[in-house]
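*Asks:* Pasting a structure here, questions to come.
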């Protein structure tokens, strides 16, 4: 009897497990269509209540590692974790998240896919014809691929069609939205037209169609597609192969991983004809405000020294336009706009690349969690996540944060881990002079108070936000006492007077001013107050590791410093209280805001006060450790880690030795700003910090690194109780203000009469403020999809615009009016369209 | 096993001293030959590993491509580099490509690097990884392996040990009750072992972590780990329950079935029947007449099971988020990180060779019929 009962229970357990497994996400449901018109974002409170709390909203963030998105989603649903900060692309999981009321998500654009063509020819070295040596055929490929199919069917709706090199969520797409939309209409999917063009060109090239397949000199032509297998590009490759087969090409689909494909498309001589098409993919981790270099990079041999790019032969006209855009060779944004319009059309005619989609990824989280995310980098790439993360309406609490890896490589501020899984927690421990707007990419003041940009007359620099001042002068002379370079032997800065005896000018001068209470309010996590020494050490570290005479010279950094000195002209400290620094440079950004050079002591791979850097410098000088992986390999020592491993004992020995020794690194320079007493106090603080925390990671950010468990793959961040700024400082960035556009008007208009259309622009059902709208453009297409008219809508009231469209010359038939709304506060444009019929007058 | 370890026929009588000298000579000769053969096997294994890990040198080409891609990506993503003059930008790219190629030794001929890998591996100088870092950030292959080894051993070692003894005693018990209900249950469940442990892991996580929420989803300990070491140990044990259950379901039934059949065969030997006829207690019969002759097989199974713990189990560790050696080695293979691949292989090869070598001696200790190196002497 007992046996039977046990068997029954066991059997039930197996059946139950199978039933439970079968009760997972419904994979048959059609994925939801995502379009730019109705981009979805989690609904969160836009107005955070005022608070007296400083720093982070939550008390602690615990980082753990989960490799698989499916597993992370299960844990989110079970309440084990609060957020999975990874860019997930699986449409089935996306549906699961959307269907669960307890979950929410954030989205990001950052990855994009394309087809790269081998342009060599017309014949390869072995005499085979290369159809894609012809720009005409490459251009026709734009119409042979159905981007909507790729976005909806292959990516399950987690992508939007892409026709040009411009990311549809970045500033330049919005700036030139009319041109982009016209291109999209012109190159829309039209396989018949593509076939006609390809057929005519193939015959012109000497090929012939034999039994439905293209041949050349008696041999059948076979198109070799190198298809990447790691992601959706595998299906893209298959689809493109099928489309090519439909116009008479035999296709050889070669499926390869990145490693296998790289020697073929990156290294092989295109003339050998080892491949015709490669399914390329790119990624951007930050919102770009200036994509002017795209054309030179993607279509000319100028910037990418690989055999494929050296085979590019853009037309003279295109090459000249691309070069001007690359070098910012224009004097106004209007002139830039004209160049962009030319370049966009010429790029399509060249089509060395055919762009396919901008991918949308999402990061799932529990519904009651709020966090600012970056439109390109998502949550993990957001600079604001530490300042904004909170449980809705709550202060305090512990956030369980999962991502596909924790503590991947050593952390050190100069040349440590570049992994996003390391940089995400690091970002919480540091501050910055300015903060990038997660929705536009424009800089906002954070630790600095104000900035003044002076540019040479004629430079196309413009200002959007009023926190910065912008002015123009005919010439900017760099003062002789400004620091222009570094003498690594004597450990002193070289002045402009020494480096440029005849004087030097710069294109821009940027003056940043810090608040008057900076030195009283900001302190490092180990208790040491921020001082001038931290800024000076940061300046030294900008140059010293790249100088061959330096004890910490690093060849890779040397190349970077050389590149930096090519445009850097000088820096001068105008005042230490309040701290005011002016920087002279020949490199500039088109947005005045993004020219900020703050010298805040946060480096490429983290933050550090001068005394933390000092022990690293000592260790590298003594060849005990090295900041960079390259140098560590060369010296056969450990790659310096401030948080774990064998480095800690070595660093600790330097701290112990420095306590009470009054040690000041680079004393000839830093000694002018740091006293021996300050040095002793700082090393004592660091010694106590290490004793308490077991690591040397020391920042000023809203969180400090509380504990590190490398083998257990977890770390914890705790709220910095001494952080001076209010917790709601960045609350306004909890949600992107993506406009919702509605367009109405008459469905029938007699040709020659005026037609009036009303445009309603809202956000969260409230009118979108007119002051935040940068443009409401309309585009009119006829029945063939040809753009026949464009213009600007007229402002009526907040959230309301009007288009008055004369229809003179309109042929009888159906037409479409489309409106594109661009905003100052979010770079993603919104669209709406309306179809109407013109009748004979 | 090798021929030398087979039981030998009875020979003529020799004096004890002569027999002792012969035995020593035989053992010494056998040991020497055996060590040389095993060493040569290790050399061949390492050479093949180096060749396979580098695809006979083709990985150099892959790396060169990847380096260019990576450096160019860095150039694109860094506005300061992206906006440089073309010549300066290309110089920056060329410099960084050269540095990376030099770091990876791509400027040395592949055959020279192969020789270096070989000599370092054989002298147990595991060197530095090319890409991977240990959890604490070190690039020493020794530390990369040593950091992950304890976590692997604690899970798979514990599981192996527990399951081995459980299987052994279950098999013995079933062999006593051939054809019983439980015997039939175990036989019926053996097809479950067709699926790997990670497969059951998914179900177990779903049932016990996601639905009932009584056991953790994965990881080695709670996050953050308890500061108290006893609580830490308790948390560790809690996190080991599901993985061990998964391993038990995926491996136990067939092992019990196999061992039970083995015991059954030995239980029907004439000398066992004789012992039963003599009226010896069943425990004595099991211990002296069934278990003892099967010991060499059992010990071989046990030791080789422990040796293979070194390889870890990448998918299993991924499902349970266990920071084991398997995932590290899997990553190393994906990155073509030759020093890590060779380092782990050489350690595995040495341990396997040592185990095989020791097993020959253990057989002699546990089974008097076996003699080292064959030759003279009588069986017991």
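*Asks:* What is the distance, in nm, between label points placed 7 Å from the Cα along the Cα-to-Cβ direction at residue B:238 and at residue A:575?
*Replies:* 5.8
*Asks:* Can you show me the helix-derived [θ] at 222 nm for chain B, built from DSSP H runs with n ≥ 4 at -39,500 (n - 2.57) apiece and divided by the number of residues, rounded to the nearest 500.
*Replies:* Counting only the DSSP helices, I get -22000 deg cm²/dmol.
*Asks:* Okay, next question. Using only DSSP helix segments of four residues or longer, with each worth -39500 (n - 2.57), what per-residue ellipticity at 222 nm results for chain A after dividing by its residue count and rounding to 500? Walk me through the numbers before you get to the answer.
*Replies:* Details: 24 runs with 234 residues, N = 841.
It comes out at -8000 deg cm²/dmol, rounded to the nearest 500.
*Asks:* Hey, another quick one. How long is the gain from residue A:521 to residue A:217 if the chain were fully straight, where each residue apart is worth 0.36 nm and the alpha carbon distance is subtracted?
*Replies:* Numbers: separation 304, 0.36 × 304 = 109.44 nm, distance 7.88 nm.
Length difference between fully extended and current span is 101.6 nm.
*Asks:* What is the log10 of I(q)/I(0) for segment B:264-335, computed with the Debye formula using one identical point scatterer on each Cα and no solvent, at q = 0.15, 0.27 Å⁻¹?
*Replies:* Each listed q maps to, in turn, -0.63, -1.09.
*Asks:* To two decimal places, what compactness ratio does chain B give when its Cα radius of gyration is scaled by 2.2 N^0.38 Å?
*Replies:* Numbers: Rg = 27.3 Å, N = 380, 2.2 N^0.38 = 21.0 Å.
Chain B yields a ratio of 1.30.
*Asks:* I'd like to know how segment A:68-185 sits against the 2.2 N^0.38 Å rule of thumb: what's its Cα Rg over that expected value? Let's see the in-between values first.
*Replies:* Numbers: Rg = 20.0 Å, N = 118, 2.2 N^0.38 = 13.5 Å.
Segment A:68-185 yields a ratio of 1.49.
*Asks:* I've got another one for you. So if I take the alpha carbon set of segment B:148-334, get Rg, then get Rh from the Kirkwood formula, what is the Rg over Rh ratio?
*Replies:* Working: Rg = 19.5 Å, Rh = 18.3 Å.
For segment B:148-334, the value is 1.06.
*Asks:* Could I ask something else about it? Defining a contact as two alpha carbons under 8 Å apart and six or more residues distant in sequence, what relative contact order in percent does segment B:148-334 show?
*Replies:* Numbers: 190 pairs, mean separation 64.3, N = 187.
Worked out over segment B:148-334, it gives 34 percent.
*Asks:* Report, largest value first, the span of the C-alpha coordinates of the protein assembly as shown along each principal axis, in whole Å.
*Replies:* Answer, in whole Å and largest first: 120, 84, 67 Å.
*Asks:* Kindly state, to the nearest 0.05, the FRET efficiency for residue A:210 paired with residue A:677, given R0 = 60 Å and r defined as their beta-carbon distance.
*Replies:* Numbers: r = 89 Å, r/R0 = 1.49.
The pair residue A:210/residue A:677 has a calculated efficiency of 0.10.
*Asks:* In addition: Identify which of B:174, B:149, B:365 has the largest mean-square fluctuation in a Gaussian network model of chain B, with springs joining Cα atoms closer than 10 Å.
*Replies:* Comparing B:174, B:149, B:365 in a Gaussian network model of chain B, the most mobile one is B:365.
*Asks:* Okay, moving on. For segment A:98-257, what relative contact order do you get, as a whole percent, if you take Cα pairs closer than 8 Å and at least 6 residues apart?
*Replies:* 19
*Asks:* So what does the Cα-only Debye profile of segment A:740-839 read at q = 0.12, 0.14, 0.25 Å⁻¹, as log10 I(q)/I(0), no solvent term?
*Replies:* Log10 of I(q)/I(0), two decimals: -0.37, -0.50, -1.28.
*Asks:* Could you check the spin-label model distance between residue B:291 and residue B:276? Points 7 Å from the Cα along Cα→Cβ, value in nm.
*Replies:* Using points 7 Å along Cα→Cβ, the separation is 1.9 nm.
*Asks:* Let me ask something else. Mind checking the angle between helix A:676-693 and chain A's longest principal axis? C-alpha axes, 0 to 90 degrees, to the nearest 10.
*Replies:* 60
*Asks:* Zone of residue A:462 (label point 7 Å along Cα→Cβ, backbone N under 11 Å): which residues in segment A:318-338?
*Replies:* A:332-338
*Asks:* How tilted is helix A:647-658 with respect to the longest principal axis of chain A? Cα atoms for both, answer in degrees (0 to 90, nearest 10).
*Replies:* 40
*Asks:* Going 7 Å from the Cα of residue A:788 in the Cα-to-Cβ direction, what parts of segment A:737-759 have a backbone nitrogen less than 14 Å from that spot?
*Replies:* Under 14 Å, as judged by backbone N against the label point of residue A:788, lie A:748-755 of segment A:737-759.
*Asks:* Further question on the same structure: Mind giving me the FRET efficiency for residue B:211 and residue A:812? R0 is 60 Å, r the Cβ-Cβ distance, nearest 0.05 is fine. The partial results should precede the final answer.
*Replies:* Working: r = 65 Å, r/R0 = 1.08.
Efficiency for this residue pair is about 0.40.
*Asks:* Simple spin-label model, 7 Å along Cα-to-Cβ: residue B:185 to residue A:200 in nm?
*Replies:* The modelled label-to-label distance comes out at 8.0 nm.
*Asks:* Here's something else I'd like to know. What is the calculated FRET efficiency for residue A:657 to residue A:636, with r their C-beta to C-beta distance and R₀ = 25 Å, to the nearest 0.05?
*Replies:* On the way: r = 24 Å, r/R0 = 0.95.
So the FRET efficiency works out to roughly 0.60.
*Asks:* Another one. Given the Cα-Cα distance of residue A:687 and residue A:323 and 0.36 nm per residue of separation, how much length would full extension add, in nm?
*Replies:* Working: separation 364, 0.36 × 364 = 131.04 nm, distance 5.38 nm.
Length gained, residue A:687 through residue A:323: 125.7 nm.
*Asks:* Hey, got the Cα dimensions of segment B:97-252 along the principal axes, in Å, largest first?
*Replies:* The principal-axis extents, from largest down, are 69, 39, 27 Å.
*Asks:* On alpha-carbon atoms, Rg over Rh for segment A:585-673 using Kirkwood Rh?
*Replies:* Working: Rg = 16.3 Å, Rh = 15.1 Å.
Rg/Rh for segment A:585-673 comes to 1.08.
*Asks:* Right, another one. Report the Rg/Rh value for segment A:420-712, based on alpha-carbon coordinates and the Kirkwood definition of Rh. It would help to have the intermediate numbers written out before the result.
*Replies:* Values: Rg = 19.3 Å, Rh = 20.0 Å.
Dividing the radius of gyration by the Kirkwood radius yields 0.96.
*Asks:* Here's something else I'd like to know. Do me a favour and compute the ellipsoid semi-axes for segment A:517-586 from its Cα gyration tensor, root of five times each eigenvalue, largest one first, whole Å. Could the numbers behind the result be given before it?
*Replies:* Working: eigenvalues 145, 60, 13 Å².
The three semi-axes for segment A:517-586 are 27, 17, 8 Å.
*Asks:* Expressed in nm to one decimal, what extension gain is obtained for the pair residue B:80 and residue B:302 from 0.36 nm per residue of sequence separation less their Cα-Cα distance?
*Replies:* Values: separation 222, 0.36 × 222 = 79.92 nm, distance 5.99 nm.
The residue B:80-residue B:302 span can extend by a further 73.9 nm.
*Asks:* Here is a follow-up. What is the projected area of the convex hull of the Cα atoms of segment B:209-260, averaged over all directions, in nm²? Intermediate values should be presented prior to the final figure.
*Replies:* Details: hull surface 19.2 nm².
Averaged projected hull area, Cα only: 4.8 nm².
*Asks:* From Cα coordinates alone, what are the radius of gyration and Dmax values for segment B:152-217 in angstrom?
*Replies:* Expressed in Å, the Cα Rg and Dmax of segment B:152-217 come to 15.1, 40.
*Asks:* Starting from the Cα coordinates of segment B:34-190, work out the convex hull volume and express it per residue in Å³. Kindly include the intermediate steps, with their values, before the conclusion.
*Replies:* On the way: hull volume 33.7 nm³, N = 157.
Enclosed volume per residue, from the Cα hull, is 214 Å³.
*Asks:* How large are Rg and Dmax for segment B:69-138 when only the alpha carbon atoms are used, in Å?
*Replies:* 16.7, 50
*Asks:* Output the relative contact order of chain B, whole-number percent, from Cα pairs under 8 angstrom with separation of 6+ residues. Let's see the in-between values first.
*Replies:* On the way: 397 pairs, mean separation 118.8, N = 380.
This gives 31 percent for chain B.
*Asks:* What is the antiparallel percent of DSSP beta bridges lying wholly in the protein assembly as shown, to the nearest 5? Don't skip to the end; give the middle numbers.
*Replies:* Numbers: 117 of 146 bridges.
The answer is about 80 percent antiparallel.
*Asks:* So, how do all the Cα-to-Cα distances of segment A:467-552 break down into 10 Å bins, in percent, from 0 on up?
*Replies:* All Cα pairs considered, the percentages come to 14, 31, 34, 19, 2.
*Asks:* Note the angle between two axes, namely the Cα long axis of helix A:191-204 and the longest principal axis of the Cα atoms of chain A, as a number of degrees from 0 to 90, rounded to the nearest 10.
*Replies:* For helix A:191-204, the angle is close to 90 degrees.
No lab work stands behind these numbers, since they all come straight from the coordinates. Bear in mind the structure is a predicted one, so any value in this text is a computation, not a measurement. Don't worry about glycine lacking a Cβ; one is built from the backbone with ideal geometry, like all the others, and counts go over all protein chains shown.
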